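Data first, discussion second: the structure below is written as structure tokens.
We did not get these values from a lab; they are worked out from the coordinates using the rules stated. Fair warning: this is a prediction, and the values are worked out from it, not measured in the lab. When we count neighbours, we look across all protein chains shown, and the Cβ atoms used for this are built from the backbone with ideal geometry, even at glycine.
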Amino acid sequence: MNYHVYIDADACPVRDETYRVARRHKVPVTVVANQYIRVPKEPNFTFRLVDDSFDAADDYIAEAADENSIVITSDILLAERVLKSGGRVLGSNGKLMTMDTIGSQIAIRAIMADLRAGAEQPNLGGPAPFSQRDRSRFLEALHLLLVK
């Protein structure tokens, strides 16, 4: 299968890892962001600058994604849009998002947003810091997606 990888690049910690795996499998990668990000000057790697309107990068990726796409993102709402188009979604922590799991992830996101909005609530913090284990899990997961 001829895959195409899209990276939701704003705050993506695994761009270099994605390039490395994509080189090995000769898969094109499009990096999408609303500010310039350096991309290797190689034929299979492209950068797409979108305007800075709200969700412009997400909109571009969601419209481009199809059943041959693998999207690298931590954005749950973008993931849902891509999954509905038949694409695959891999979080930067190496966890595959699927239609079976996305509903609960969206619900948790909404609950956490409600809790954070409550002024009397203690600081609930954010996600755990990105670790070397996450990086390794990502490399393995992307490789496995590309060889399936």
FRET E, pair residue 67, residue 132, Förster distance 35 Å, beta-carbon r, rounded to 0.05: 0.60
Residue 42 paired with residue 100, simple spin-label distance in nm, labels 7 Å along Cα-to-beta-carbon: 3.3 nm
Pairs from 84/148; 26/148; 41/148 whose Cα-Cα separation, in the structure shown, is over 22 Å: 41/148
Exposure proxy order (Cβ contacts within 10 Å, fewest to most) of 54, 138, 130, 45: 54, 130, 45, 138
Computed P(r) (all Cα pairs; the range 1-78; 5 Å bins; percent): 3, 16, 30, 27, 17, 6, 1
Packing-based exposure ordering (other Cβ within 10 Å, fewest first) of 55, 8: 55, 8
Those trypsin sites (Lys or Arg not before Pro) in the range 1-103 that DSSP places in a loop and that have at most 10 other beta carbons within 10 Å: 26, 38, 41
